[in-house]
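Only the coordinates and a few stated rules stand behind these numbers; no lab work does. These figures come from a predicted structure and were not determined experimentally. We place every Cβ from the backbone using ideal geometry, glycine too, and count neighbours over all the protein chains shown.
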């Protein structure tokens, strides 16, 4: 009787694990999913912080790809045409959510210049 009870418990646990892992899709099929299942969703009102600034569009694209490999949400932006004094602005920047600033800065510091 005990053996039957243990077999039923193990079967229930295996069925539960199978259901959990069969629902997840690979990252290549669904770009919106992340590795972390319970990551908080960001809204437009969340604070974003600039972590890097450069004049090279190639450099900023490489940095964006590196941050996305590390599962850090980020966006690249091109600075405006003129500042408040009429001077031309040039350059690109990367911004990340405030909660990811320290992790992003560590990654940027490790990248070769």
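Quick notes on this structure:
- Sorted peptide list for 74-84, 8-18, criterion being average Cβ within 10 angstrom, highest first: 74-84, 8-18
- Between residue 68 and residue 13, full extension at 0.36 nm per residue minus the direct alpha carbon distance yields a gain of 16.4 nm.
- Evaluating kT/(6 pi eta Rh) at 4 °C and 1.567 mPa s, with the Kirkwood radius of segment 44-113 over Cα pairs in the Stokes-Einstein relation, gives 102 µm² s⁻¹.
- Ordered by the number of other Cβ atoms lying within 10 Å of each residue's own Cβ, fewest first, 100, 22 fall into the sequence 22, 100.
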